[in-house]
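To start, the structure under review is shown below, and the notes come after it.
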Amino acid sequence: MDNTTSRGACTFEKKEGFTPPFLIKKKPSKNANAFYLKGSKYLCKAERDPLLARSPTREGYLIPLQRKDILDRYKSRFKFEEVYESILELPSKAQELCILKNLKIDQRTEKFIEISNRCREVNIPISDLHRSHDPSLHLMKRDYEQLGDEIQQIERDIDYHKNSPQEQWEDPIPLLDDLPPVLPLKTEMIPEPIRDWIMDIAERMQIPPDFSASSAIVVLGSLIGTKVGVHPKQKDDWLVYPNLWGAVVGRPSLLKSPAIAEVMKPLDDLVKEAIKNHQEEELLYEKGLMVLEAKKNAFKGSLKDVAKRASKSGDFSEFDAMYEEQDNFEAPEKPAQKRYKTEDGTVEKIGEILQSNSQGILIHRDELSGWLKSMDKYGREGDRAFYLEAWNGSGSFTVDRIGRGTLHIPALCLSLLGGIQPGPLASYVHQARSGGSGDDGLLQRFQMLVWPDAPTTWTNVDRFPNSEAKNRAYEVFRKLSELEAEPLRFSEEAQALFDGWRENLEKRLRSQETMASMESHLAKYRSLMPSLALIFYLVETIDKGESLDRISLESSQKAIEWCDYLMSHAKRLYSSAGEPEAKAGLELLKKIQQGYLKEGFTPRDVYSGRHWFMLSNRNEVDIALKELQDLGWVRVKTLSTGGRPKVVVYLHPKLRKGK
């Protein structure tokens, strides 16, 4: 019995249990018929089209396709027929690439049939499946969406082979992600009483000393707070308090948090001591209340006896005199807890803490990105203004709330310290540079921000901490916590140095040669230099056990050196957002290299529902695409679809190969 049947120009091998398929469409190609079929599984032997002769036996290729009844009902969602008609219109080699890349048509067909049958069982049109909230259909919804995504990718492959430019691609121009250099932290810039301690931490942890040195200065400034200020001018009443905002920038692997934690330990010891003292004061307070209550009870008993005698004699003079004596009973004052820091708190609670701690406290956040995000939450819009005021350190602040009443803070003084990664930081830099709501000076208040180069070498260091250096440094922290003094001024030599430095700074700020955000940052150095000079002078002086005088020339020189050092880090900070075009192009290139965007993606695929940095809308995406196209990484083509033109992005072969 003949085991073959013919349909048009094609010959098919009969298989038991299979109905001979029929030809849907055939299209002559250079060597043979190019075609595709519908129906059951079959072996196509055709006329040896190279595209189809891919089975191990070289006798043909098994091509399973969609049932027509399902296709007719749902092809608006899954366009198998249209997809493969498009494939057959391609050159032979392009057909091969498209089909070989998407061989799992049989599994997709079976999955689609399974989903459609299940939808009929639950009486839900398959086109409405994505709207269903039935938990039992969750996995099916996921598979359904995955099928749709796969078909869209096949269509993109077809578009690419039909429309991508045939000319050769040249090597793309690299997109540089380099940051400007920063000045190194010289060992002699660290105040001598804490220098060995800081360097010991850096060596044992194998981290840049910048992390612990800058953090230590912020913590020292928080201990001084409003207890000691500096008048930067000899006669003027301009007063600066040394509360500083610091940030340590680096990748997660650079041990930012452990570095900060090490310099926080002296403060932690002071916190423990303050808690212990407060507990003892609370006991004395409770004892005082009990004594007061006993005295009042005894007095009331005596007063009753006098009242009885007065009522009998009619003479109330003794009673009146004794009654007035009850005003002499004074309740003991409730002790306020000494506070040095908080890791988290609402502005209302921080305000209450500052009412009884007018010297100010330190806000320590392990991740500053969380603190920055908290001010964008609904209902916390006023927090930003609170912190902007708190940076000054010298003003008062009054909050009026229904239900909470009035909260008056006589001295609003906060220091701030934490770490942050370059990625999250870049978005805030972008906001500060763009002139939007983020350009309110909050970022510019981080004067003690350091972003050192990551170490390129590592050595295993396992030794005991330098206890002598540690004890000396801890003693400096303790003495500063107890220090109170009148505001200081510069010595004659230091004043001349500051005046000259200030003159150069003011000329630079008025030159209009610096970007606005950087200019705003440098303007804050007017108070940074005297603050650092005061901190350095106090650290050196109390370590020696000397009495306070005028701020020395040496401390002022060191403060200026720190300003130059920090200025280089500020340049790196504001360069991290880059020029908008280059930065947007770099961000898009990273997403392509990470596999989020495939060959033939559209601009909408980039910004729709993604919320990517600098790629959040069509305008930003177009800027990024133009940058990448100019540098040879992509080619953007507009395709005619019979309706609205379709913009498609084709990738450089290096990107398609994952290079």
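Overview of values
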{"quantity": "Leu488 long-range amide H proximity, modeled H, under 5 Å", "calculated": "Gly229, Val230, His231"}
{"quantity": "Per-residue HN-Hα couplings for region 269-280 [Karplus 6.51, -1.76, 1.60; θ = phi - 60°; Hz; x = Gly/Pro]", "calculated": "5, 5, 5, 4, 5, 5, 5, 4, 5, 5, 4, 5"}
{"quantity": "Gly419 long-range amide H proximity, modeled H, under 5 Å", "calculated": "Val248, Glu367, Leu368"}
{"quantity": "Residue pairs, from the table Lys227/Lys265; Lys227/Lys479; Lys227/Lys558; Lys265/Lys479; Lys349/Lys479; Lys272/Lys338, whose Cα atoms sit over 18 Å apart", "calculated": "Lys227/Lys265; Lys227/Lys558; Lys349/Lys479"}
{"quantity": "Sparse-neighbourhood loop sites, trypsin sites (Lys or Arg not before Pro) in region 376-423 - DSSP loop, at most 14 other Cβ within 10 angstrom", "calculated": "Lys377, Arg380, Arg404"}
{"quantity": "Asp366-Glu561 pseudo-label distance in nm [points 7 Å out on the Cα-to-Cβ vector]", "calculated": "3.5 nm"}
{"quantity": "Measure of compaction for region 278-328 (Cα Rg per 2.2 N^0.38 Å)", "calculated": "1.58"}
{"quantity": "Options Thr541, Gln557, Ala516, ranked by Cα towards positive dipole end of region 501-573, top entry (Cβ charges)", "calculated": "Ala516"}
{"quantity": "Centroid-to-centroid separation of region 198-214 and region 287-346 [C-alpha atoms, Å]", "calculated": "57 Å"}
{"quantity": "Charge-dipole axis of region 580-656 as Lys and Arg at +1 and Asp and Glu at -1 on Cβ define it, positive-most pick from Trp612, Leu631, Tyr650", "calculated": "Tyr650"}
{"quantity": "Per-selection Rg to Rh, region 304-377 - Cα, Kirkwood hydrodynamic radius", "calculated": "1.52"}
{"quantity": "Debye intensity ratio in log₁₀ form over the Cα atoms of region 460-534, taken at each q of 0.11, 0.12, 0.14 Å⁻¹", "calculated": "-0.55, -0.62, -0.73"}
{"quantity": "Mean-position separation - Cα centroids, region 496-549 and region 349-388, in angstrom", "calculated": "25 Å"}
{"quantity": "Rough spin-label spacing in nm, given labels placed 7 Å along Cα→Cβ, for Glu554 and Glu114", "calculated": "8.0 nm"}
{"quantity": "Positive-end residue of Ser374, Ile353, Ala390, charge dipole of region 333-424 with Cβ unit charges", "calculated": "Ile353"}
{"quantity": "Peptides 313-325, 523-535 ordered by average Cβ neighbours within 10 Å, highest first", "calculated": "523-535, 313-325"}
{"quantity": "Net charge of neighbours whose Cβ lies under 10 Å from the Cβ of Trp197, counting Lys and Arg as +1 and Asp and Glu as -1", "calculated": "-1"}
{"quantity": "Convex hull projection area averaged over all views, region 580-656, Cα basis, nm²", "calculated": "4.9 nm²"}
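Each reported figure results from applying straightforward, stated rules to the coordinates on display, with no laboratory input. Source: prediction; values computed, not measured. Counting neighbours? That spans all protein chains shown, and the Cβs are built from the backbone with ideal geometry, glycine included.
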